[in-house]
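We did not get these values from a lab; they are worked out from the coordinates using the rules stated. Worth saying up front: this structure is predicted, and the values here are computed from it rather than measured. Reconstructed Cβ throughout: ideal geometry from the backbone, glycine too, with neighbour counts over all protein chains shown.
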Amino acid sequence: MNKLYIIRHGKTDWNNLRLMQGRVDIPLNEEGRDDAVKLASSINLSDIDICLSSPLKRARETAEIIVQNKLKIIYDDLLIERNFGDYEGCEVNFDLIQKQWDYNLNDKSGNIESIKECLNRAKFFLDKLKKDYPNKIILIISHGSFIKALHFNIIGYDENTDFLSFRPANTRIYEYDY
């Protein structure tokens, strides 16, 4: 069994503007950096075996601030944010979000990564963790939608799951045994 500490990256200007980021490579803003520094002071890195992070700037910066060169960071493309295709850079729209998280609809319009594709990528990542890092305590830095996919793969889901019921906050730690 693995112990997972999963953190969503710090805030960016696009978070504050309520724009869909997806795979656009946006850096942290000052608030995001400050929040990562605060979070770093509350984490005992000596309890953690390894850190894996999305390679996108906002996650990479968050990981570097938290780890402070005390752990090796492995950047894994599986941890990048869900691809929101043509909607990246657009204002967050609740109707659109609802459609994108409807399991039965499995929307792919606008070149987005469908919910089932995102959930499958998260499952593949978790299976890889079990194989590559058995019985380790792992710190993961990723993005809101992908953390949501990890969360539901860990706790379970079906076609009736309300995927919008879990909203990962920036620079917050979520703890799982997996």
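Only one residue in Lys99, Lys130, Lys108 is in contact (Cβ under 8 Å) with a residue 24 or more places away in the chain, more than 16 Å from the chain's Cα centre (by Cα) and at negative phi, so which one is that?
Values: Lys99 fails: in contact (Cβ under 8 Å) with a residue 24 or more places away in the chain; Lys108 fails: in contact (Cβ under 8 Å) with a residue 24 or more places away in the chain.
Exactly one of Lys99, Lys130, Lys108 is in contact (Cβ under 8 Å) with a residue 24 or more places away in the chain, more than 16 Å from the chain's Cα centre (by Cα) and at negative phi, namely Lys130.
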**Request:** Among the residues of the range 126-157, count how many are of a type in the set (Phe, Trp, Tyr) and under 13 Å from Tyr176 (Cβ atoms).
**Result:** 1
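Identify all residues within the range 157-177 that are of a type outside the set (D, E, K, R) and either exposed (fewer than 14 other Cβ atoms within 10 Å of the Cβ) or under 16 Å from the mean Cα position of the chain (by Cα) (or both); write none if there are none. Break it down into steps so the answer makes sense when it comes.
Keep residues of the range 157-177 that are of a type outside the set (D, E, K, R), which gives 157, 160-161, 163-166, 168-171, 173-174, 176.
Asn160, Phe163, Leu164, Ser165, Phe166, Pro168, Ala169, Asn170, Thr171, Ile173, Tyr174, Tyr176, listed by residue number.
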**Request:** All but one of (1) within 19 Å of Leu164 (Cβ to Cβ); (2) out of contact with any Ser or Thr (no Cβ under 7 Å at 6 or more places or on another chain); (3) not hydroxyl-bearing (Ser, Thr, Tyr) hold for Arg82, so report the exception by its number.
**Result:** (2)
